[in-house]
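Remarks on the structure that follows.
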Amino acid sequence: MALSNYSELQTALIAWADSRGDTSDIIDDVVRLAESHFNLELRCRQMMTSTDLTPSSGAVTLPSDCVGIYSVIEKTSPRRVLDYYGKEALETNFDTTVSGNACGYTVVGSSLSMAPRPTNDIELTYYQEVPGLEANTTNWLMTKYPGIYLEACQMEIYRYLKMDQDLQISAQRVEAMINELNASSDSEMLGNSGRKAVGPAF
């Protein structure tokens, strides 16, 4: 059975799960729920992207598809890598009302605030949410790791059908696959240097 896009995933889910109960009406919902789970738990190199943002009064609005921050760099010469601080710590350590080369950043809601207030553009490298299959037909995760999609969707079906034993088994499989993908990504990016400390996930 081919499994590389949204339509093929829907067909596979009906074939795998319909013997457990009528699930055809909830397939779209379980795919969305699975993708929501991915966006909470996955943090791998395939999700990473960078964009330049221009600050206003020391702050920028985070991209709407940002699910976690990897790095914040002020584009000075030389470039300045900013450290993450909690909101109170940022205000305690720096004057947040003056302009200058930024040293730290914090996140409040959908805004990333820096201190001192930078006047240069900011290069934000962040984890981008997994593109939804409903709008995109396929994505990198569906193409390279279709099994994780199939298992995560089955997990949501078992939750809906209140099949607790199957749910427990499926949840363990999904967790193991996500952990393996995250660990593999860390190894590819960092080698023997250890996991990089990152900003908050949200």
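Checking the conditions here, which among 36, 57 is free of Cβ contacts under 8 Å to residues at least 40 places away in the same chain, out of contact with any Gly (no Cβ under 9 Å at 6 or more places or on another chain), among the small types (Gly, Ala, Ser) and more than 12 Å from residue 154 (Cα to Cα)?
36
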> Do the conditions hold for residue 138, that is, is it in a loop (DSSP other than H, G, I, E, B) and modelled with pLDDT of 95 or more?
Replying inline: yes
> Which one of these does residue 185 not meet: (1) modelled with pLDDT under 95; (2) surrounded by fewer than 13 Cβ atoms within 10 Å (Cβ to Cβ); (3) under 16 Å from the mean Cα position of the chain (by Cα)?
Replying inline: (2)
>> Being among the charged types (D, E, K, R), open to solvent by 80 Å² or more (accessible area, probe 1.4 Å) and over 23 Å from the mean Cα position of the chain (by Cα) is the filter here; which residues of the stretch 14-58 pass it?
In response: 20, 22, 25
> So which pairs qualify, if the first residue must be in the stretch 80-95 and in a helix (DSSP H, G or I), the second must be surrounded by fewer than 16 Cβ atoms within 10 Å (Cβ to Cβ), the Cβ gap must be under 8 Å, and the two must be at least 6 apart or on different chains?
Replying inline: 87/108
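For residue 102, state whether it is of a type in the set (Gly, Ala, Ser), open to solvent by less than 50 Å² (accessible area, probe 1.4 Å) and in a helix (DSSP H, G or I).
The answer is no for residue 102.
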> If you go through the stretch 87-95 one residue at a time, do you hit one that is surrounded by fewer than 19 Cβ atoms within 10 Å (Cβ to Cβ), at pLDDT 95 or above and under 21 Å from the mean Cα position of the chain (by Cα)?
Replying inline: no
> For the stretch 141-179, how many residues are part of a loop (DSSP other than H, G, I, E, B) and of a type in the set (A, V, I, L, M)?
Replying inline: 2
>> Out of the residues in the stretch 1-13 meeting the condition of being assigned to a helix (DSSP H, G or I) and open to solvent by 60 Å² or more (accessible area, probe 1.4 Å), tell me which one is modelled with the lowest pLDDT.
In response: 11
>> Please go through the stretch 111-126 and give me each residue that is part of a loop (DSSP other than H, G, I, E, B) and either modelled with pLDDT under 95 or open to solvent by less than 20 Å² (accessible area, probe 1.4 Å) (or both), ordered by number.
In response: 118, 119
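The values are calculated or read from the model by the stated rules, or taken from the named source; none is laboratory data. Here the structure is a predicted model, which means the values were calculated and not measured. All Cβ positions, even for glycine, are placed from backbone atoms using ideal geometry, and neighbour counts span all protein chains on display. Surface areas here come from the heavy atoms of the whole protein model, side chains and all, with no ligands, DNA or RNA. Shrake-Rupley method; radii C 1.70, N 1.55, O 1.52, S 1.80 Å.
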